[in-house]
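The values are calculated or read from the model by the stated rules, or taken from the named source; none is laboratory data. Computed from a prediction, not measured in an experiment: that's the story for all the values here. FYI the Cβ positions are ideal-geometry reconstructions off the backbone, even for glycines, and counts take in every protein chain you see. Just the protein is used for accessible areas: all its heavy atoms, side chains included, with ligands, DNA and RNA removed. Shrake-Rupley method; radii C 1.70, N 1.55, O 1.52, S 1.80 Å.
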Amino acid sequence: MKSSTSNPNQMHHDETLNRLTRRAFFSQTSAGLGAAALASLDTGSALAAARVGGLPQVPHHEPKARRAIYLFMSGAPSQMDMWDHKPAMADWFDKDLPESIRQGQRLTTMTSGQSRFPIAPSIYKFSPHGANGTMASELIPHMAKKVDEISLIKSMYTEAINHDPAITYICTGDQLPGKASLGSWLSYGLGTENENLPAFMVMTASWSGRKEAQALYNRLWGSGFLPSKYQGVALRSSGDKVLYLSNPDGIDPHVRRRMLDSLGRLNQETLDRIGDPETNARIAQYEMAFRMQTSVPDLSDISDEPQHVLDLYGPEVTHPGTFANCCLMARRMAERGVRFTQIFHRGWDQHGALPKDLPNQCKDTDQPSAGLLTDLRQRGMLDDTLVVWGGEFGRTIYCQGALTKDNYGRDHHPKCFTVWMAGGGVKNGVVHGETDEFSYNITKDPVHIRDLNATILHQMGIDHERFVYPFKGLDQRLTGVEESRVVSEILT
């Protein structure tokens, strides 16, 4: 009797199995499961026809926003010094925060050892603005004039109490590293409207407040378990705008094209032999980098911007790397079809000397944020551009360290903080949620950070419950497995 291995078809099959690495096998299996899961979703509308990439089943419904810009205030802005007016606290100066308010809530190690928790009222004046008399601090005069164009959410909360897990949580949906970021999810699902620029771009702005700031890791804009081509691309303020984009000395575009063609053939052979989807991502990234050699210099050259537009963003707009310059760049990216732009502005971690540092932070960001909204509206882009402003948690009403009439600091506080949203199908002039007189607990309409992410996805045409990616035996979602909802009260 002949051995089964003498069968030519069987031998070919065995050789194919031997060539497959364990990693490639599971990658291919995962991709197959992903296709099966996504095939169950409804077919997308003609809205996706003009885009490059993305899933054919997405969007799930007609989007209100084609693109989004996220202004992330890393370090946690003090809500009661900017947006959450608490006038009754003036009578509580240096009195202890009542235990009935604190309710044994978790504290950081920076204040858990304090013998008391003295109330530090805000020293900044608040005044009513807009049709509904929305209260805003003197620190943010430009955004105060925009209250009729935004939805202000005062009742945000999270479980994370320290910076790194909190930022990782709001950016990726999990306190632990390894998950895909919001921008990567959007890039994966919706693709881009410009094949010459990434769908997801990131900028880290300079800041004027406290010089010691929390580190930002590229996992915050990473793709996690999604293919690496969906990760955010960082636009730098000096040197090469994108790392490794420029040709080395002596290499012209013609030579670079020949090199990439040869490299592409080698990568294609590897893909055919092993089947690792990351090889496909590598090919796509090399080609994108080649196209970006032309598109990125055009994007970053603001010499064509008229003076009246530059004036919207403030005097620092022409200085690369400033928050003002980043906001202008975000508008230019939005014009060019970039799906999601995220600007990180550090230095909001005012544990001490808040009256010294917070005004500088607000000066960095107030006019540029308002200018971005005005610029988008004037161009007819705000209606389909979602703009989000906020940090990873809030600050305590009690003082960390020594308290005086004109100086105080505030510790981390995850139980209530403020975020605003504008454009992209968001209602104008809405204040959503309430906190107690100490800005310590939510008293009405709580909004978890999962709800915020679900709302962003919804405005982009995505049902967060149906938007999944199989990984490690689970249908991964940006909003995780716990209950989350779209904040419909602030939407048109």
Quick one: is F93 open to solvent by less than 30 Å² (accessible area, probe 1.4 Å), more than 26 Å from V431 (Cα to Cα) and either over 30 Å from the mean Cα position of the chain (by Cα) or without any contact (Cβ under 8 Å) to a residue 60 or more places away in the chain (or both)?
-> no
Within the stretch 85-115, track down each residue that is at pLDDT 95 or above, part of a loop (DSSP other than H, G, I, E, B), among the small types (G, A, S) and closer than 19 Å to N441 by Cα.
-> S112
Out of G433, G409, which single residue is touching an Asp or Glu at 6+ places or on another chain (Cβ under 9 Å) and closer than 25 Å to S78 by Cβ?
-> G433
Identify, please: which residue in the stretch 444-475 is of a type in the set (V, I, T) and in contact (Cβ under 8 Å) with a residue 60 or more places away in the chain and is, among those, surrounded by the fewest Cβ atoms within 10 Å (Cβ to Cβ)?
-> V468
For the stretch 384-492, please list each of the strands (runs of 3 or more DSSP E) lying entirely inside it that holds at least 2 residues being farther than 20 Å from G173 by Cβ.
-> 385-390, 394-399, 410-413, 417-422, 430-432, 442-444
Of the numbered conditions (1) open to solvent by 40 Å² or more (accessible area, probe 1.4 Å); (2) out of contact with any Gly (no Cβ under 7 Å at 6 or more places or on another chain); (3) touching a residue at least 12 places away in the same chain (Cβ under 8 Å), V487 fails exactly one; give the number of that condition.
-> (1)
How many of the residues in the stretch 323-346 are in a loop (DSSP other than H, G, I, E, B) and either crowded, with 24+ Cβ neighbours inside 10 Å or charged (D, E, K, R) (or both)?
-> 4
Here are some conditions: (1) closer than 22 Å to W348 by Cα; (2) open to solvent by 40 Å² or more (accessible area, probe 1.4 Å). W221 meets all but one. Which one does it not meet?
-> (2)
Please indicate, with yes or no, whether at least one residue in the stretch 358-380 is out of contact with any helix residue (DSSP H, G or I) (no Cβ under 9 Å at 6 or more places or on another chain), among the basic types (K, R), open to solvent by 30 Å² or more (accessible area, probe 1.4 Å) and more than 30 Å from V309 (Cβ to Cβ).
-> no
Pairs, first within 15 Å of D375 (Cα to Cα) in the stretch 297-310, second part of a loop (DSSP other than H, G, I, E, B) and not charged (D, E, K, R), C-beta under 6 Å, six or more apart | L310/V317
Restricting attention to the stretch 116-147, the residues that are assigned to a loop (DSSP other than H, G, I, E, B), more than 21 Å from D364 (Cα to Cα) and open to solvent by 60 Å² or more (accessible area, probe 1.4 Å) number exactly 3
Candidates K125, K154 - the one that is within 30 Å of V426 (Cβ to Cβ) and within 22 Å of the chain's Cα centre (by Cα) = K154
Quickly run through the stretch 420-443 and pick out the residues that are of a type in the set (A, V, I, L, M) and either open to solvent by less than 20 Å² (accessible area, probe 1.4 Å) or free of Cβ contacts under 8 Å to residues at least 60 places away in the same chain (or both).
-> M421, A422, V426
Do we have any residue at all in the stretch 396-418 that's open to solvent by less than 10 Å² (accessible area, probe 1.4 Å), under 24 Å from E62 (Cβ atoms) and modelled with pLDDT of 95 or more?
-> no
Do you know which residues across the stretch 97-110 are surrounded by 14 or more Cβ atoms within 10 Å (Cβ to Cβ) and under 17 Å from G409 (Cβ atoms)?
-> L97, L107, T108, M110
So, first residue closer than 18 Å to K179 by Cα and open to solvent by 40 Å² or more (accessible area, probe 1.4 Å) in the stretch 229-241, second residue part of a helix (DSSP H, G or I) and modelled with pLDDT of 95 or more, Cβ within less than 7 Å, six or more apart or across chains; the pairs are Q231/S184; Q231/W221
Just for the stretch 272-294: of the residues that are modelled with pLDDT of 75 or more and not β-branched (V, I, T), which one is least open to solvent (accessible area, probe 1.4 Å)?
-> D276
